[in-house]
Amino acid sequence: RLTISPFHWYLLYETPGDFKDMARKEKKREKSMAELSERSSGILKAIIKEHIATVSPVSSKAVAERCRLGLGSASIRTVMADLEEKGYLKRPHPSAGTIPTEKSFRLYVNTLSELEEPVESIKHIIRKSLRSGPEGLLRDATRMLSSVTSCAGFILAPRPEELLIKDVRFVSVDASNVLLVIKAHTGHVSTRLVKARRRELNLDLEKISNYLRSIARGLTLRGLRDRVMEDAKNEKTQYSTLVSKTLALVKAVVCDTASNGVELYMEGKANIFDQPEFKEDVQRIVGLFRAFEEKSLLLRILDRSIREKGVNIRIGSECAAKEFEGLSIVTAPYGKSERALGSLGVIGPVRMDYSRIIPLVDYAAESITRAL
């Protein structure tokens, strides 16, 4: 088990930004924690763990019998009533036990100090799934994420314009179209079809490709455009005509790439639809299915997570999408810390086992970074 203090855990999953904002958030969390006594916190934690394990409402009797807090049912009932009044617990039915609210799970995650490091057999499964070539790696990794977490797994592929170029060339397709072929340092090969404005441009493709190869290595697509623009401004260049033609092509590619969007891999949606909270709710299943098919909501969340450090957890309404009500999303960026390539994550019920899933997502992100 990994042990992390609440404040350092906060630093791990929160978006880095203004330190005053961080301090304000931390003060708010401390105030929320101070609202509960040690006894109340212990009982709430026991209820959350029991609910995660059983998926059922938790009674005071179950807490007394299974959680070994040294308290009787009557004392536990009193504390549970107080927790319910403060919004940490709710009852699905008047005669039923209680279940934790989003507020409870947020407090639980904020104060989580024990994380279950993935066992070696699970680490082996993760590493094994990443042995395929660059094109199949992310798809296989998505299946792996879904499998080891029992949630829906998803990975946002690297944006082509953000990958560092290893090799590049233009290939003639017909009289008015050329194909740009880019091999990235990760091994990914991407292509973009571009309309050539002049027929004679095709005659210069070999020279253009050679010129690009001489300057492109280690640059991004946008960086390559900027470098060609610099050369185009240099009146002394002996390749002024060649460079101007190259610039027209590269600009067209950059614009096309920006408008094409990014690729999102997703696996294991059935893992959510099979959860007791959703299994009997046909309307919820239909709404979730549409949200997953459209992908724009997940893309927004994942795009934001690329700019975040470490693991980030959004619980229920924090996902800022009505379609994801009752669900939590755990994400992490992959790639070097100073240069994230994409992000990955899982989506599952709010009562997911965070102490197990957070380290799995983190280890998967580290493993994909190494594999790429």
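What the table below lists for this structure:
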{"quantity": "Matching entry among Pro100, Pro158, Pro118, Pro94 (being in contact with a helix residue (DSSP H, G or I) (Cβ under 7 Å, 6 or more places away or on another chain) and over 21 Å from Pro359 (Cα atoms))", "calculated": "Pro100"}
{"quantity": "Verdict on Glu117 being open to solvent by 50 Å² or more (accessible area, probe 1.4 Å), modelled with pLDDT of 90 or more and of a type outside the set (S, T, N, Q)", "calculated": "yes"}
{"quantity": "Residues satisfying the stated conditions in segment 265-318, i.e. part of a helix (DSSP H, G or I) and modelled with pLDDT of 85 or more", "calculated": "Lys269, Ala270, Asn271, Ile272, Gly316, Ser317, Glu318"}
{"quantity": "Within segment 231-264, considering residues that are modelled with pLDDT of 75 or more and under 30 Å from Leu288 (Cα atoms), the one most open to solvent (accessible area, probe 1.4 Å)", "calculated": "Glu263"}
{"quantity": "Subset of segment 302-338 [within 17 Å of Glu267 (Cα to Cα) and not small (Gly, Ala, Ser)]", "calculated": "Leu302, Phe324, Leu327, Ile329, Val330, Thr331"}
{"quantity": "Residues located in segment 198-212, provided they are open to solvent by 100 Å² or more (accessible area, probe 1.4 Å) and either modelled with pLDDT of 80 or more or touching a helix residue (DSSP H, G or I) at 6+ places or on another chain (Cβ under 9 Å) (or both)", "calculated": "Arg198, Glu206, Lys207"}
{"quantity": "Options Val286, Val311: the member that is exposed (fewer than 15 other Cβ atoms within 10 Å of the Cβ) and β-branched (Val, Ile, Thr)", "calculated": "Val286"}
{"quantity": "Qualifying residues in segment 47-66 (those that are open to solvent by 10 Å² or more (accessible area, probe 1.4 Å), in a helix (DSSP H, G or I) and among the hydrophobic types (A, V, I, L, M, F, W, C)) - the one farthest from Ile272 (Cα to Cα)", "calculated": "Ala64"}
{"quantity": "Count of segment 139-197 residues which are buried (at least 20 other Cβ atoms within 10 Å of the Cβ), under 18 Å from Leu224 (Cα atoms), modelled with pLDDT of 85 or more and not hydrophobic (A, V, I, L, M, F, W, C)", "calculated": "0"}
{"quantity": "Scan of segment 76-110 for residues that are surrounded by 18 or more Cβ atoms within 10 Å (Cβ to Cβ) and part of a loop (DSSP other than H, G, I, E, B), ordered by number", "calculated": "Tyr88, Gly97, Thr101"}
{"quantity": "Pairs with Cβ under 7 Å, 6+ apart, first in segment 262-274 and touching a residue at least 60 places away in the same chain (Cβ under 8 Å), second among the basic types (Lys, Arg)", "calculated": "Val262/Arg159; Leu264/Lys295; Tyr265/Arg139; Glu267/Arg143"}
{"quantity": "Unmet requirement for Val228, which otherwise passes all of (1) open to solvent by less than 20 Å² (accessible area, probe 1.4 Å); (2) at pLDDT 80 or above; (3) within 30 Å of Pro118 (Cβ to Cβ)", "calculated": "(3)"}
{"quantity": "Unique match (being within 15 Å of the chain's Cα centre (by Cα) and either open to solvent by less than 10 Å² (accessible area, probe 1.4 Å) or of a type in the set (Asp, Glu) (or both)) among Ala332, Ala291", "calculated": "Ala332"}
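The values are calculated or read from the model by the stated rules, or taken from the named source; none is laboratory data. Quick caveat, the model's predicted, so the values are computed rather than measured. Glycine gets a Cβ as well: all are built from the backbone with ideal geometry, and neighbour counts include every protein chain shown. These area figures cover heavy atoms from the full protein model, side chains too; ligands, DNA and RNA do not enter into them. Shrake-Rupley method; radii C 1.70, N 1.55, O 1.52, S 1.80 Å.
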